[in-house]
Amino acid sequence: MDNDIAPDRLAEQVRDWLAENWRGVDDREWREKVVLAGWAAPTFPENAYGLGLSKSLAQVVGAEFTAVGAPRACQDLGPGVVDGWVRMIGLVVALHGLPALREQFVRDLLVGDADGGLALYSEPNAGSDLAGLQTRAVLDGDHWIVNGQKVWSSGPLDSTWGALLARTDEDVPKHQGISFFIVDLQQPGVEVRPIKQITGDSEFNEVFLTDVRVPVENVVGEINDGWAILQVALGAEREWLGEYLESIGRTEETAGDHRSALAPIADGAADLVRAARRAGRADDSAIRQTIVQLHTWRLVHEWTTERLSSASDSAQSQVAAAALGKLASSRILHSVGRFKAQMLGPEAMLYGPENRTGDDVNREMMNAFTNSVGGGTDQIQRNIISERLLGMPRAHTPDRGVPFRDIRKGTTQRNISG
Amino acid sequence: MVSVFTEEHESLRSSLRAFFANRSPESEVRRLMATDEGYDRDVWRQIASELGLQGLIVPEEHGGSGYTWVELGVVLEEMGRALFCAPYFSTVVLATSCLLESGDTAAQKEYLEGIASGDVVGALAFVEASGRWDEAGIEMAATADGDSYRLTGEKLFVLDGHVADLVVVAARTGSSVSLFTVDKGAPGLTTRLTETLDQTRKVAVVTFENTPARLLGVEGAGWTTLSKVLDLAVVALAAEQVGGAQAALDMAVEYSKIRIQFGQPIGAFQALKHMLADVMLEVESARSAMHVGLAAASGHEGAELSAVAPLVKAYCSDAFELASHQNIQVHGGMGFTWEVPAHLYFKRAKSMAVFLGDSTQHRERLAGHLGL
Ligand SMILES: Cc1cc2nc3c(=O)[nH]c(=O)nc-3n(C[C@H](O)[C@H](O)[C@H](O)COP(=O)(O)OP(=O)(O)OC[C@H]3O[C@@H](n4cnc5c(N)ncnc54)[C@H](O)[C@@H]3O)c2cc1C
C-alpha cells in the first residue's frame, strides 16, 4: 500500500473491509482473513503479510478495528506478549527470512499458531557480552547441527519454536561468526527446564541443545551476519518491553481516572493518587512531590519515545528511542514499585495468594528488574548512549579484533533449575 | 507528541546559530556581562532590523510578524545555547505578553511597534520582598489619582529593569491585582542594578515614589493576565534552558574526548560515560517537555497550558541544573575556573531554577491538577 494514502481514505477502506468481514467472532477464519488482508501487521513488508505502512498510518488501521471491537489488527505495534514476538522475531523474519520461512513462520505467528516461542540468546557465559556466546552450529548437508546451553529463555515450557543465536565461525572476531536461526523445539535433543525466579514464578527457562537439527532455509539473514539481525530484534525488544511492563502496572487503574479539562496532562496518574489516598497521605507534601515526579517521568517518556521514533533521521533516532526509552522505563518501573510498596505500609511485608494487595505490589516492585536487567542491562544502555549517540571513546577491551577461538572465555557450567 | 519543529524551523535555527556564533561568541558574552548595561545596542538593533526577533510574536498590525511561540521557542533555544546577553526575555517574553494578554488595545498601539523595531526595552516588575511568584506576593498598592494612578513601593528581581523604557508593574487596587505601565524617566521612578550570580542576565531593584502610572487592561484583572503571562514565560524559559543544557552536555562530551589521563581519553571511563548518558536522557526528556509546552503556548490541540507549564518549568530547570553541574564535574579543576565557560551555564541554570518559582513549587501546582 502507498504511504502517501490520506489517513481518511485509509480509514474508510478499513471501515468498508470491516463492514464486509467482521461478524463479531474471533475464530480461526477471522484471524486468517485479517492476516491475509495485511491488517495484522500493517508495518511489515507486502511480501510478509504486511502493507508497508508507516507506524502512524498503521495506527489509523488499529483505531478502526478498536472502534468496532474487532481484534488481531496491528500486532506489530501492540504491548502484549504475543505482540512482542511479532514485533521482535516476526519483524526480523519478515525483513530477512528466506521466502519459505517467511511465508510459513510469519503467518503462523500472526494467525496465532506459533505463540509459544523462546528467544535463545543468553548463555551461562554470555550475558551482557552476548557476542561471547559458545553454542555452536555446524553444517551437515542441508541441516545445521546445534550443541550448547541457553539460559533465561522467557516463554512456555512447551514452546514450539526458538529464535537461536549460535556460533558458525570461531576463527573470526566474536561478532563476525554468529548466525541467527529459527529452530523447531519439538524435536529430540531439546530439553527445556523451568527456572524458579525471584517472584517465585517460573517464566523463564534453561534450554539444553544436543545435536539439534535446523534446516538451512531457517537461517535468518546471511550466515555469520546474525549479530546485525539481532540488533534489529533487540531494538524492537527494548521498545516493547517498557511498554509491556508499564501497561501491566496501569491497566486496571485506568477506569475512574481523574479526567479534567487539563487532559492529557492529568491522565494516567490514578494508580499513584489512589495509592496515596488509601494510605491517607495525599496531603503529605513529600508524597505529593514524589507522585508528580513519577507522573512527569511517565509523560516525558511517552513524549520522547513518540518524538524520537517518528523523527526522520531514522537509524540514529531509533537507537536513541530504544536506549533512552529503556533507561527511562527502568527508572519509572523501579520508582513506581518502590512508591506503591511504601504506600502499602506493613502490608508490603506480605506476599502470596492470601495477601492479594501485598502480592500484587511486591510482584510489580520485583518485576521492574525485568526491564533493568533483561534485554540489555541499564549499564549496557548507558554504554550504547554514550558511545553510539554521544560519540564518546570506546573503552579498551582485550577481545577486540581477536579471533573468537583465542579470547578468554568464561567456563561456568550452571544448572540453575537443579 | 511528535516534534513541533518543521524543516523551516530547523533552517531558522541554523541561521540563528550562525548569527550568534558571529555576533555573540564567548568573548562578547564575557565583555557584556562585565558591563552595567549588559547588552550591545548595535546588536540589539541588528536583531530587530535584520532578523525581526523582537517583533516575532507581535501582530503584524503593530509592526511585528505575528508568529507563534513555536518560532519564539527556536529563537530562545539558540539564545540560551549562546548565553546571548540582551534584554530579550524581559522585553519580548514578559513585557510583550503582558501587553498582548491584557487586551488593552491603546497600550498595544502605543508600545508594540517600538518593541518590534527595537526602540523599546520592556521589563516586568512583579516580585516584592517576600520573594513570592504568586498573587499573594503582590502587596504594593496603587492609589487612584483622577484618571491615573500613583505607585509607591519597591519591586525586586526585575529582569533588565535598569535599562527598561517601559516597566509593567503589578500592584493592588483594593483587594485585587491590576497591571500598570510606567515609562522610563517617570517622576519618582528609580532603578538600581544588583550584583547577580549570573552576570549574563541583569537584575534590578525598581522603586516607585508616588510615581504616576497608567492602568494596563481592566482594573482588577491583573492576576488573570499575569498568571497566563507566567505560564507562557516558563515555557519560553524552558526553551532557553534546553538550549543551555544541550550546550553544557556538548561541552562535557567534547572535553571528555580530548582530556587524557591514565593513557586514554577520560571519556573512555565508564563512570563519565554513564554520567553523561544520564544527562542525555534528562536533556532529551526536557526537550520533549519543551515541545509539548510550546505547542500548548501556541494554542495547538492537546494539553492545556496551565497544566503543562508547571511540568515544563520543573523538568527543564532540573535538567539544566544537572547538565551544567555535571559539565563542571567532567572538567575537573578546569571546571572550577573563571576561564572555562562551564560556570556561565551553571550560574544561568542555578538562577533560572529559582526564577519564576522553583521545581518543588511547580510540582505542587501540578499535584493540584492531578486531583491531589
Ligand atoms: C526477566 C528476564 C527475562 C529474560 N529473558 C530472556 C530471554 O527470553 N532470552 C534471552 O536470551 N535472555 C533473556 N534474559 C537475559 C538477559 O538478557 C541478561 O540477563 C542480560 O543481558 C544480562 O546478562 P547477565 O544476566 O549474564 O548479567 P551480566 O552480563 O553478568 O551482568 C552482571 C552485571 O554486570 C554489568 N555489566 C556487564 N557488562 C558490563 C559492561 N560492559 N559495562 C558495565 N556494566 C556491565 C551488568 O550491567 C550487570 O549489572 C532475561 C533476563 C531477565 C532478567
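Going by the structure shown, is residue A:177 touching an Asp or Glu at 6+ places or on another chain (Cβ under 7 Å) and more than 16 Å from the ligand (Cβ to nearest atom)? Before you say what the answer is, go through the steps one by one.
On the way: touching an Asp or Glu at 6+ places or on another chain (Cβ under 7 Å): yes; more than 16 Å from the ligand (Cβ to nearest atom): yes.
Spelling it out, residue A:177 is indeed touching an Asp or Glu at 6+ places or on another chain (Cβ under 7 Å) and more than 16 Å from the ligand (Cβ to nearest atom).
With the condition being crowded, with 24+ Cβ neighbours inside 10 Å, I'd like the strands (runs of 3 or more DSSP E) fully within the stretch B:87-193 carrying at least 2 qualifying residues.
Details: elements: B:122-125, B:142-145, B:148-159, B:166-173, B:176-183.
Of the strands (runs of 3 or more DSSP E) lying wholly inside the stretch B:87-193, those with at least 2 residues that are crowded, with 24+ Cβ neighbours inside 10 Å span B:122-125, B:148-159, B:166-173, B:176-183.
For the stretch B:100-130, what are the residues that are under 15 Å from residue B:206 (Cβ atoms) and within 20 Å of the chain's Cα centre (by Cα)?
B:121, B:122, B:123, B:124, B:125, B:126, B:127, B:128 - these are the residues of the stretch B:100-130 that are under 15 Å from residue B:206 (Cβ atoms) and within 20 Å of the chain's Cα centre (by Cα).
Output the number of residues of the stretch A:2-48 satisfying the condition of being surrounded by 11 or more Cβ atoms within 10 Å (Cβ to Cβ) and at positive phi.
1
Tell me yes or no: at least one residue of the stretch B:33-40 is closer than 24 Å to residue B:247 by Cα, outside any loop (DSSP other than H, G, I, E, B) and acidic (Asp, Glu).
Within the stretch B:33-40, none of the residues are closer than 24 Å to residue B:247 by Cα, outside any loop (DSSP other than H, G, I, E, B) and acidic (Asp, Glu).
So, residue B:323, is that one surrounded by 24 or more Cβ atoms within 10 Å (Cβ to Cβ), in contact (Cβ under 8 Å) with a residue 12 or more places away in the chain and more than 9 Å from chain A (Cβ to nearest Cβ) or not? Even if it seems obvious, please write down each step before you answer.
Numbers: surrounded by 24 or more Cβ atoms within 10 Å (Cβ to Cβ): yes; in contact (Cβ under 8 Å) with a residue 12 or more places away in the chain: yes; more than 9 Å from chain A (Cβ to nearest Cβ): yes.
The answer is yes for residue B:323.
Looking only at the stretch A:312-348, count how many residues are in contact with a Ser or Thr (Cβ under 6 Å, 6 or more places away or on another chain) and either on the phi > 0 side of the Ramachandran plot or within 7 Å of chain B (Cβ to nearest Cβ) (or both).
Qualifying residue count for the region: 0.
Would you say residue A:228 is free of Cβ contacts under 8 Å to residues at least 12 places away in the same chain and within 23 Å of the chain's Cα centre (by Cα)?
Numbers: free of Cβ contacts under 8 Å to residues at least 12 places away in the same chain: yes; within 23 Å of the chain's Cα centre (by Cα): yes.
Spelling it out, residue A:228 is indeed free of Cβ contacts under 8 Å to residues at least 12 places away in the same chain and within 23 Å of the chain's Cα centre (by Cα).
Identify all residues within the stretch B:294-303 that are more than 11 Å from every other protein chain (Cβ to nearest Cβ) and either surrounded by 19 or more Cβ atoms within 10 Å (Cβ to Cβ) or closer than 16 Å to residue B:100 by Cβ (or both); write none if there are none.
B:294, B:297, B:298, B:299
Does residue B:357 fit the bill of being open to solvent by 10 Å² or more (accessible area, probe 1.4 Å) and either over 22 Å from residue B:29 (Cβ atoms) or at pLDDT below 95 (or both)?
Details: open to solvent by 10 Å² or more (accessible area, probe 1.4 Å): no; either over 22 Å from residue B:29 (Cβ atoms) or at pLDDT below 95 (or both): yes.
Against the criterion (open to solvent by 10 Å² or more (accessible area, probe 1.4 Å) and either over 22 Å from residue B:29 (Cβ atoms) or at pLDDT below 95 (or both)), residue B:357 does not qualify.
Can you pull out the residues in the stretch B:277-293 that are more than 9 Å from chain A (Cβ to nearest Cβ) and either farther than 15 Å from residue B:329 by Cβ or without any contact (Cβ under 8 Å) to a residue 40 or more places away in the chain (or both)?
Residues satisfying the conditions are B:283, B:290, B:293.
Taking the stretch A:106-153 only, how many residues are small (Gly, Ala, Ser), within 11 Å of the ligand (Cβ to nearest atom) and open to solvent by 60 Å² or more (accessible area, probe 1.4 Å)?
Result for the stretch A:106-153: 1.
Which of the residues that make up the stretch A:245-288 are at pLDDT 95 or above, within 11 Å of chain B (Cβ to nearest Cβ) and either touching a Ser or Thr at 6+ places or on another chain (Cβ under 6 Å) or part of a loop (DSSP other than H, G, I, E, B) (or both)?
Within the stretch A:245-288, A:281, A:282, A:283, A:284 meet the criteria.
Of the numbered conditions (1) away from chain A (no Cβ under 14 Å); (2) closer than 30 Å to residue B:109 by Cβ; (3) part of a helix (DSSP H, G or I), residue B:306 satisfies every one except a single condition; which is it?
Among (1) away from chain A (no Cβ under 14 Å); (2) closer than 30 Å to residue B:109 by Cβ; (3) part of a helix (DSSP H, G or I), the lone unmet condition for residue B:306 is (1).
A quick yes/no check of all residues on (1) within 16 Å of the ligand (Cβ to nearest atom); (2) in the same structural domain as residue A:131 (by TED's automatic domain parsing); (3) surrounded by 20 or more Cβ atoms within 10 Å (Cβ to Cβ); (4) not in a helix (DSSP H, G or I):
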| residue | (1), (2), (3), (4) |
| --- | --- |
| A:322 | yes, no, yes, no |
| A:327 | yes, no, yes, no |
| A:339 | no, no, yes, no |
| A:346 | no, no, no, no |
| A:358 | no, no, no, no |
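Quick check: anything in the stretch B:231-239 within 16 Å of the ligand (Cβ to nearest atom) and open to solvent by less than 10 Å² (accessible area, probe 1.4 Å)?
no
When you go through (1) touching a residue at least 24 places away in the same chain (Cβ under 8 Å); (2) in a helix (DSSP H, G or I) one by one for residue B:274, which number turns out not to apply?
Here residue B:274 meets the rest and fails (1).
Does the stretch A:362-379 hold any residues that are near the ligand (Cβ under 6 Å from one of its atoms) and open to solvent by less than 50 Å² (accessible area, probe 1.4 Å), and which are they?
A:374, A:375, A:376, A:377
Confirm whether residue B:261 is among the polar types (S, T, N, Q), open to solvent by 40 Å² or more (accessible area, probe 1.4 Å) and within 9 Å of chain A (Cβ to nearest Cβ).
The answer is no for residue B:261.
Evaluate the following for residue B:340: is it under 24 Å from residue B:230 (Cα atoms) and either within 12 Å of chain A (Cβ to nearest Cβ) or not aromatic (Phe, Trp, Tyr) (or both)?
On the way: under 24 Å from residue B:230 (Cα atoms): no; either within 12 Å of chain A (Cβ to nearest Cβ) or not aromatic (Phe, Trp, Tyr) (or both): yes.
Criteria not met by residue B:340.
Has the stretch B:12-31 got at least one residue that is under 30 Å from residue B:220 (Cα atoms), within 19 Å of the chain's Cα centre (by Cα) and at pLDDT 95 or above?
So in the stretch B:12-31, the residues under 30 Å from residue B:220 (Cα atoms) come out as none.
No - not one qualifying residue is present in the stretch B:12-31.
When the stretch A:190-242 is examined, which residues are found to be within 12 Å of the ligand (Cβ to nearest atom) and more than 30 Å from residue A:353 (Cβ to Cβ)?
A:230, A:233, A:234, A:237, A:238
Which residue out of A:318, A:293 is surrounded by fewer than 22 Cβ atoms within 10 Å (Cβ to Cβ) and under 18 Å from the mean Cα position of the chain (by Cα)?
A:318
Return yes or no: is residue A:388 modelled with pLDDT under 95, farther than 29 Å from residue A:195 by Cα, within 16 Å of the ligand (Cβ to nearest atom) and assigned to a helix (DSSP H, G or I)? Walk me through how you get there before you give the answer.
On the way: modelled with pLDDT under 95: yes; farther than 29 Å from residue A:195 by Cα: yes; within 16 Å of the ligand (Cβ to nearest atom): yes; assigned to a helix (DSSP H, G or I): yes.
Criteria met by residue A:388.
Out of everything in the stretch A:380-406 that is touching a residue at least 60 places away in the same chain (Cβ under 8 Å) and surrounded by fewer than 16 Cβ atoms within 10 Å (Cβ to Cβ), what residue ends up being farthest from the other protein chains (Cβ to nearest Cβ)?
Of everything passing the filter in the stretch A:380-406, A:405 is farthest from the other protein chains (Cβ to nearest Cβ).
Can you name the condition, by its number, that residue B:254 falls short on among (1) open to solvent by 10 Å² or more (accessible area, probe 1.4 Å); (2) within 26 Å of the chain's Cα centre (by Cα); (3) under 30 Å from residue B:71 (Cα atoms)?
Of everything listed in (1) open to solvent by 10 Å² or more (accessible area, probe 1.4 Å); (2) within 26 Å of the chain's Cα centre (by Cα); (3) under 30 Å from residue B:71 (Cα atoms), residue B:254 misses just condition (2).
The values are calculated or read from the model by the stated rules, or taken from the named source; none is laboratory data. As the structure is a prediction and not an experimental result, all values here were calculated from the model. Positions of Cβ are generated from backbone atoms using ideal geometry, with glycine treated the same way; all protein chains shown enter the neighbour counts. Please note that ligands, DNA and RNA were not included when accessible areas were found on the heavy atoms of the full protein model with its side chains. Shrake-Rupley method; radii C 1.70, N 1.55, O 1.52, S 1.80 Å.
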